[in-house]
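Taking it in order: structure first as structure tokens, then the write-up.
Read the figures in this text as sums done on the coordinates, not as results from a lab. As the structure is a prediction and not an experimental result, all values here were calculated from the model. As a convention, Cβ positions derive from the backbone with ideal geometry for all residues, glycine included, and neighbour counts pool all protein chains shown.
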Amino acid sequence: MESILKNKYYLYFTEFFAGMSVMAVELGASRLLAPYFSSSQIVWTIIIGTIMIAMALGNIWGGRSADKNPNPDKLYMRLIIAAIWIAAIPVVGKYIILAISAVLIMTVNNNFLILAGFVACMVIFVYPLFLLGTVTPSLVKYTVDSLDDSGKTVGTLGAFNTIGSIIGTFLPTFVTIPAVGTSITFLIFSGILLALGLVYFISKRAKRGACTAAVVLFMLCSILGHSGSFAFWENSLLYEGESIYNYLQVKETDDSVILSTNVLFGVQSIMKKDDSLTGMYYDYALAAPFMAGMDGKEKGDILILGMGTGTYARQCMNYFENVSVEGVEIDQKITDLAGEYFSLPDTVDVTTYDGRAYLQAVDKKYDVIMVDAYQDITIPFQMSSIEFFSMVKDHLKEGGVMVVNMNMHSEEEGNINEYLSDTIANVFGAVYTVDVKGSTNRELFAAETEEILQKLEEGTGRLGHGELADMMNRVSGELVKYEKGGLLLTDDKAPVELLGMSVIDGLIQREIGYYKQIFEQDGIQGILNAM
């Protein structure tokens, strides 16, 4: 056996860094896929399941290969190949995702996001993690000298792998991804694997050509893939980056500044440069302060759970006097962007916390509580249950109003909005909904009594004429009373990811229907001509 391998600690360090890299790549996979497919429990399930398949196959094949030909050269060459593959992910990964999405969106009718996420994960991550899965059985072959100490040796290998995995879990999440981004994180751990292989072959003075080629490829990947732009087709972004929780993108148009936390889906916050109405669901939600009678009060208190960059807060402060607005936003980076790009007033107190945990920690009551918390494209399950909405009710003043943004309108029976509405209607005595024109949003207003309608009418009457008066008249005229049903979401059972994915799948199919017809008739050339 080669001299460098006579010292078992090199083998243990190989196991340590292999375990670390597996977890780092797994976390990197979630961040690579999230801007396109979300970071919901479903996407995490796809990632974990795919990686476990790859590791299991690698364990089996690696063990058999080590028995047939116990040559360490093969293991360390596999590490180099895995390193170059991982280094190439920042360069080509996003193009592979979009290519797979483009093919599947034209060929499948159901579960597009799930299938696209699964296929992308299989294509991008299975092979390098399969190679890393061969490490442990191969190292067992090289480290076990006799049966007398085999248990101790295998246990030590397992301990090094586990410790490496622990560090590989915390390091990307809390250090590398927030500090330097997903692309550099892939390159860092790719570099570690590459170094392991190079040290081995340099000590042997072997495979010089392969090692040189690997170094050149790694340097090319580092040059081409270090930028990490997910929305590579955008040329006018004010900001693109990542936080612990989100991919973040700030874009400026002629009249607005927009925040998106997902490359392919929607607008999460918007600031109109002239302080006019946004044309989005925020405008409809302005009915809530009128329903609570805030336009006639000396002072009103508003709490926003899911603050974003403060769109609703700015609107409330623009249209209502003597209003105090507090916000809760789990992502500190979004709050930072709110001050830098969205002119969030310093008088708005924003707490970096989970919305439900915040309610548990405070006793204050509010005239209006807006619930607008989303985890990418799905609602956090803990903020969708009957227990949560009961907690919101307890934090409302007498005559207070809760307004909930439901961003997945669907007419399908048993959809996520029906579940949310039924759940809320089992907590509050009066529930009304209104669909937001030109979007998939629906606003829900909940209070204890029907007086909210009269207060809205009175408040609208005092406005006279103007943009806001027209908006409130529209809301008043389109409100629909919701009759409660039995579809309840609870802390124990709240399948919001599956319900949300189902609605989004339907929305995608409706939006792409026109192009699918062209594709079926004229193929890709027809689509290119249509675009």
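Short version: ³J(HN,Hα) in whole Hz for each residue of the stretch 240-254, in order, from phi by Karplus 6.51 cos²θ - 1.76 cosθ + 1.60 (θ = phi - 60°), x for Gly and Pro, what are they?
9, x, 9, 10, 4, 9, 9, 7, 10, 9, 10, 10, 10, 10, 4
Any idea what the relative contact order of the stretch 3-225 is, in percent, if you count C-alpha pairs under 8 Å spaced at least 6 apart?
In percent, rounded to a whole number, it is 41.
Nearest 0.05, what FRET efficiency do Ala56 and Ser236 give at R0 = 60 Å with Cβ-Cβ as r?
About 0.85, to the nearest 0.05.
Taking 8 Å as the Cα distance limit and 6 or more residues as the minimum spacing, I'd like the relative contact order of the chain as a percentage.
This gives 14 percent for the chain.
Quick one: grab the alpha carbon gyration tensor of the stretch 255-345, order the square roots of its eigenvalues as a ≥ b ≥ c, and give me rounded if a/c is under 1.5, else prolate or oblate depending on whether a/b is larger than b/c.
Prolate shape, in that a/c is at least 1.5 and a/b is the bigger ratio.
By counting other Cβ atoms within 10 Å of each Cβ, how are Ile124, Ile188, Ile202, Ile223 ranked from fewest to most?
Listed from fewest to most nearby Cβ atoms, that is Ile223, Ile202, Ile188, Ile124.
As a test, work out the antiparallel percent of DSSP beta bridges whose residues both lie in the chain, rounded to the nearest 5.
Within the chain, antiparallel bridges account for around 60 percent of the total.
Calculate the spin-label point distance for Ala357 paired with Glu340, positioning each point 7 Å from the Cα along the beta-carbon direction, and give it in nanometres.
Inter-label distance under the simple model: 2.4 nm.
For the pair Ala195/His226, report the inter-label distance in nm, with labels modelled 7 Å from Cα in the Cβ direction.
That separation, rounded to one decimal, is 1.7 nm.
Using the 10 angstrom Cβ neighbour count as an exposure proxy, how do Arg442, Arg208 rank, fewest first?
Arg208, Arg442
Please give the helix 41-68 orientation as an angle from the longest Cα principal axis of the chain, in degrees from 0 to 90, rounded to the nearest 10.
10 degrees
Rounded to the nearest Å, what's the spacing between the alpha carbon centres of the stretch 170-193 and the stretch 362-418? Just the number, please.
36 Å
Hey, got the dipole for the chain? About the Cα centre, +1 on K and R Cβ, -1 on D and E Cβ, debye to the nearest 20?
Approximately 3120 debye in magnitude.
Please give the calculated 222 nm ellipticity per residue for the chain, where each DSSP H segment of at least 4 residues contributes -39500 (n - 2.57) and the sum is spread over every residue; nearest 500 deg cm²/dmol?
That calculation yields -19500 deg cm²/dmol at 222 nm.
Using only Cα atoms, find the angle between the long axis of helix 72-107 and the longest principal axis of the chain, and express it within 0 to 90 degrees, rounded to the nearest 10.
Tilt of helix 72-107: around 30 degrees.
Under 20 Å between alpha carbons, and skipping anything fewer than 8 positions from Lys272 in its own chain: which lysines qualify?
Answer for Lys272, where 20 Å is the Cα cut-off: Lys251, Lys437, listed by chain and number.
With only Lys, Arg, Asp and Glu charged, each at its Cβ (+1 for the first two, -1 for the last two), find how big the charge dipole of the stretch 29-117 is about the Cα centre; round to the nearest 20 debye.
Here the stretch 29-117 has a charge dipole of around 80 debye.
What list do you get for Glu457, Glu411, Glu329 if you sort them by fewest beta carbons within 10 Å?
Exposure proxy ranking, most exposed first: Glu411, Glu457, Glu329.
What does the convex hull of the Cα atoms come to per residue for the chain, in Å³?
It comes to 176 Å³ per residue, whole-number rounded.
List the pairs from Lys299/Lys493; Lys393/Lys493; Lys94/Lys204; Lys393/Lys455 whose alpha-carbon separation is above 29 Å, in the order I gave them.
From the list (Lys299/Lys493; Lys393/Lys493; Lys94/Lys204; Lys393/Lys455), the Cα-Cα distance tops 29 Å for Lys299/Lys493; Lys94/Lys204.
Could you give the length gained on full extension between Ala102 and Lys297, defined as 0.36 nm per residue of separation minus the Cα-Cα distance, in nm?
64.9 nm
How large is the Kirkwood hydrodynamic radius of the stretch 268-427, in angstrom, based on all distinct alpha carbon pairs?
16.0 Å
Using Cα pairs closer than 8 Å and at least 6 residues apart in sequence, work out the relative contact order for the stretch 274-494, in percent.
Answer for the stretch 274-494 is 23 percent.
Over the stretch 93-140, what lengths in whole Å, largest first, do the semi-axes of the equivalent ellipsoid take, defined as the square roots of 5 times the eigenvalues of the alpha-carbon gyration tensor?
Working from the Cα gyration tensor, I get semi-axes of 30, 11, 6 Å.
Roughly how tilted is helix 8-37, in degrees to the nearest 10 and between 0 and 90, from the longest Cα axis of the chain?
Rounded to the nearest ten degrees, it is 30.
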